[in-house]
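Presented below is the structure to which this report refers.
The values are calculated or read from the model by the stated rules, or taken from the named source; none is laboratory data. Predicted, not measured: the structure shown is a model, and the values here were computed from it. Methodologically, a virtual Cβ is constructed for each residue, glycine included, from the backbone with ideal geometry; neighbour enumeration extends over all protein chains shown.
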Amino acid sequence: MKLQVNTMLALYSVLEFAGQPQRHIPAAEIAERYGVSAHHLAKVLAELARAGVVESVRGVGGGYRFAANARRLTLMDVIQLFEDIASPPPAPDAMPVDKAIGVVLTEVDQIAKATFSSITVATMLRMVEKHRDT
């Protein structure tokens, strides 16, 4: 499963916000850290805000902050906001080899979905912290 740029930006942002849940972080700060435009990131953050994952605070000292429960929110919860995660059915006139490969690819996608569904934001934060030490 290959994730789109917006999905990756959403995951980066969620982890940044969840890592500092009391702080309001400006979108520009995250955009600069990950080398994207603040305008592009704002669209991603708006979707996260609509889903209740982050909240926006305007004005001086404003920005975004984490609004979800890091121990319950999974990577799949974030991914499915930006990705069409349904596996397409095989074409009716597909060759047997195409159908067989499709079965394998569907299984791989299901394993990826199960893995993303089992990893919470809290778990990812621990993984990030562990990799800071290496």
Yes/no for L15 being in contact with a Phe, Trp or Tyr (Cβ under 8 Å, 6 or more places away or on another chain), closer than 23 Å to M1 by Cα and either modelled with pLDDT of 95 or more or not basic (K, R) (or both): no
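Here is a yes/no grid of residues against (1) part of a helix (DSSP H, G or I); (2) over 15 Å from L81 (Cβ atoms); (3) touching a Lys or Arg at 6+ places or on another chain (Cβ under 7 Å):
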{"residue": "E32", "(1), (2), (3)": "yes, yes, no"}
{"residue": "V36", "(1), (2), (3)": "no, yes, no"}
{"residue": "L45", "(1), (2), (3)": "yes, no, no"}
{"residue": "S56", "(1), (2), (3)": "no, yes, no"}
{"residue": "V60", "(1), (2), (3)": "no, yes, no"}
Lone qualifier among K113, K130 - being in a helix (DSSP H, G or I) and free of Cβ contacts under 8 Å to residues at least 40 places away in the same chain: K130
Subset of the stretch 1-34 that is within 21 Å of G61 (Cα to Cα) and touching a residue at least 60 places away in the same chain (Cβ under 8 Å) - its residue that is surrounded by the fewest Cβ atoms within 10 Å (Cβ to Cβ): G19
Positions within the stretch 35-68 being of a type outside the set (A, V, I, L, M, F, W, C), over 12 Å from A10 (Cα atoms) and either touching a strand residue (DSSP E or B) at 6+ places or on another chain (Cβ under 9 Å) or touching a residue at least 12 places away in the same chain (Cβ under 8 Å) (or both), in sequence order: G52, E55, S56, G61, G62, G63, Y64, R65
The stretch 81-98 - residue that is surrounded by 13 or more Cβ atoms within 10 Å (Cβ to Cβ) and more than 18 Å from F66 (Cβ to Cβ) and, of those, modelled with the highest pLDDT: E83
Identity of the residue in the stretch 44-58, surrounded by fewer than 18 Cβ atoms within 10 Å (Cβ to Cβ) and at pLDDT 95 or above, that ends up farthest from T120 (Cα to Cα): A46
Per-region count, the stretch 37-63, residues touching a Phe, Trp or Tyr at 6+ places or on another chain (Cβ under 6 Å) and more than 24 Å from F116 (Cα to Cα): 1
Check on A122, assigned to a loop (DSSP other than H, G, I, E, B), touching a residue at least 24 places away in the same chain (Cβ under 8 Å) and under 14 Å from the mean Cα position of the chain (by Cα): no
Odd one out for A68, checked against (1) in a helix (DSSP H, G or I); (2) closer than 16 Å to L125 by Cα: (1)
So S117, is it touching a helix residue (DSSP H, G or I) at 6+ places or on another chain (Cβ under 6 Å) and at pLDDT below 95: no
Count - residues of the stretch 4-30 that are closer than 22 Å to E129 by Cβ and assigned to a helix (DSSP H, G or I): 14
